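The values are calculated or read from the model by the stated rules, or taken from the named source; none is laboratory data. Note that the structure is a prediction, hence the values are computed from the model and not measured. So basically every Cβ, Gly included, is an ideal-geometry build from the backbone, and we count neighbours across all protein chains shown. SASA here: full protein model, heavy atoms, side chains in, ligands and nucleic acids out. Shrake-Rupley method; radii C 1.70, N 1.55, O 1.52, S 1.80 Å.
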Amino acid sequence: MLSITVNGKRVEVAKEATLLDAARLAGADVPTLCYLKETGALTSCMICVVKDVATGKLLPSCAAHVVDGMAIVTEDDEIREARRAVLSMLLNEHAGDCEAPCSLTCPAGLDIPRMLRYIAAGDADAAARLARRDLVFPATLGRVCSAPCERVCRRGQYDAPIGIRAAHASLPINSLQADVSGSGKTAAVVGAGLAGLAAAFTIVRLGHACHVYEKRLRACESLRARSELPREILDAEIETIRAAGVVIHLETDVAPESLLQRYDVAIAACNEHHESNPRIFDAEEESMYVRAVANGKRAAFEADAFLRKRPVQSAKPFNSSLGALAADELPHYAVERLRKAAASDVDRCLHCDCLKRVSCKLRQYATEYGLGPRIKRTIPRPFVKPIERSDAVVFEPGKCIKCGICVALTRAAGVRPGMTIAGRGFDACVRPALGATLAEGLGSAAEECVRACPTAALAFRDSEETS
Ligand code: SF4
Ligand code: SF4
Ligand code: FES
């Protein structure tokens, strides 16, 4: 056995152990992209570097072996900077969107491609549940939102954007029950406009009891003058909020401060001045209605974090963004979907969101190492590359980080011709060898390759990851 100190902690490891083995044994979290136990060290990414305390050198922990008596650290400013440099380099040429441009643009963060997939598959109830969770008022917003999402819809670069607003306007108005056990905590909301009711609905869904106080005769009074919004639609959606457990008191004029004796927290959604208090959270009403909903949801999440004594999750995950496609990229993007005759407007969606948006290690590390929310590219366009498909797998070469895992796995499985790294230097790319199809390149190792691929370069066609 050999002895090594990891971040000040002594551990004993076998003779052939790597620094990564020792770090993991000591409970240290070291990021890896190209390392897989089955393939051994491929040392193509260098994100796994750790520091040898004696020499100050950074070593790839997946490949470097333990020397008896050595000491390493797995995290300090220099190591973080080295890992950030690796990630920046990989992301500079990463051709993909983590989230679809439409979802990123909707202030309330509606998961639009997923909603459209549910509708296209005939599952209107699932689409309605998703839209209610994210928009709280999908039918109302479907009539009065200015639809900034449609302005960035990538389908609009080919012909016309998807009618996203019309899609959620047409969904059934179902209630959504709170799906968590009660926390025993209470919240009061002052103001029953869109922001106040969105806050109340979200607070109840997060497991807290909630009462709303409104000084006027009816909830959402300012919206009622909009001629394009039938009253019964608005009232039906307010009813779903009541059905979820929110109690609304009308014609009751109270200040948020005065409610703190009876409630654990208060949310001020009345756009009126109140005293500063850590138990009062603001949810501004706005003339852009979907922003008001977003403000209400944000205030509810902040209040929930306070009630549960957790930090507010303010940092947005990293998002790789393709932006508007260049003219010579258009023919390569979403070729298959464009060829297919669409059965309906929602069926025209290009599904720009990433198939591995949750499990992608590149995105996880980019978030962890603070590369977000957007990265500035230095390579010129075009960088969208043709996408290949087999019956079960999608291969997006633009998302490949050339880690070599699929090449090693197909070789180990005896797949002929397998996957290969073709070309040299910056032009090197991974692809099926000898001009083979994707199915031939991956062969019997297809499933193993998809699961091991650290990005969405290889993904199952029917993948639906949700956060
Ligand atoms: S229409 Fe408005 S609410 Fe609906 S998805 Fe677009 S931005 Fe969001
Ligand atoms: S094509 Fe679909 S996923 Fe892409 S931006 Fe438009 S609606 Fe969103
Ligand atoms: S070089 Fe160690 S994980 Fe890539």
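Annotations for the structure displayed:
- A residue that is within 17 Å of Lys361 (Cβ to Cβ) and open to solvent by 70 Å² or more (accessible area, probe 1.4 Å) occurs nowhere in the stretch 59-71.
- Only one entry in Thr455, Thr420 is hydroxyl-bearing (Ser, Thr, Tyr), surrounded by 15 or more Cβ atoms within 10 Å (Cβ to Cβ) and within 23 Å of Cys354 (Cβ to Cβ), namely Thr455.
- Residue in the stretch 180-193 that is modelled with pLDDT under 95 and among the aliphatic types (A, V, I, L, M) present: yes
- Looking across the stretch 44-70, just one residue is among the polar types (S, T, N, Q) and touching a Gly at 6+ places or on another chain (Cβ under 9 Å), and that is Ser44.
- Selection status of Cys48, under 30 Å from Gly414 (Cβ atoms) and surrounded by 18 or more Cβ atoms within 10 Å (Cβ to Cβ): yes
- Tabulated pairs, the stretch 428-454, first assigned by TED's automatic domain parsing to the domain that holds Lys402 and of a type in the set (Lys, Arg), second part of a helix (DSSP H, G or I) and modelled with pLDDT of 95 or more, C-beta under 6 angstrom, 6+ apart or interchain: none
- Taking first residues from the stretch 317-335 that are without any contact (Cβ under 8 Å) to a residue 60 or more places away in the chain and partners that are assigned to a loop (DSSP other than H, G, I, E, B) and among the polar types (S, T, N, Q), no Cβ contact under 9 Å between residues at least 6 apart in sequence or on separate chains turns up.
- Residue check for Leu141: over 21 Å from the mean Cα position of the chain (by Cα) and either more than 16 Å from ligand 2 (Cβ to nearest atom) or assigned to a helix (DSSP H, G or I) (or both): yes
- Just so you know, in the stretch 145-188 the residues that are in a helix (DSSP H, G or I), open to solvent by 50 Å² or more (accessible area, probe 1.4 Å) and of a type in the set (A, V, I, L, M, F, W, C) include one that is nearest to ligand 2 (Cβ to nearest atom), and it is Val152.
- Residue-level check: of (1) touching a residue at least 40 places away in the same chain (Cβ under 8 Å); (2) within 14 Å of ligand 3 (Cβ to nearest atom), Ile4 misses just (2).
- Lone unmet requirement of (1) surrounded by fewer than 22 Cβ atoms within 10 Å (Cβ to Cβ); (2) in a loop (DSSP other than H, G, I, E, B); (3) not hydrophobic (A, V, I, L, M, F, W, C) for Glu336: (2)
- Sole exception among (1) of a type in the set (S, T, N, Q); (2) within 16 Å of ligand 2 (Cβ to nearest atom); (3) open to solvent by 50 Å² or more (accessible area, probe 1.4 Å) for Asn319, by number: (3)
- Some residue of the stretch 218-226 being assigned by TED's automatic domain parsing to the domain that holds Ala266, under 26 Å from Gly184 (Cβ atoms) and touching a strand residue (DSSP E or B) at 6+ places or on another chain (Cβ under 8 Å): no
- Residue check for Gly418: at pLDDT 95 or above and within 30 Å of the chain's Cα centre (by Cα): no
- When Gly191, Gly142, Gly96 are checked against the criterion of being within 11 Å of ligand 1 (Cβ to nearest atom), surrounded by 19 or more Cβ atoms within 10 Å (Cβ to Cβ) and of a type outside the set (A, V, I, L, M), Gly142 stands alone in meeting it.
- Residue within the stretch 179-189 that is more than 21 Å from Leu260 (Cβ to Cβ), of a type outside the set (Asp, Glu) and not assigned by TED's automatic domain parsing to the domain that holds Glu272 present: yes
- Some residue of the stretch 345-363 being within 16 Å of ligand 2 (Cβ to nearest atom), in a loop (DSSP other than H, G, I, E, B) and either at pLDDT below 90 or open to solvent by 50 Å² or more (accessible area, probe 1.4 Å) (or both): yes
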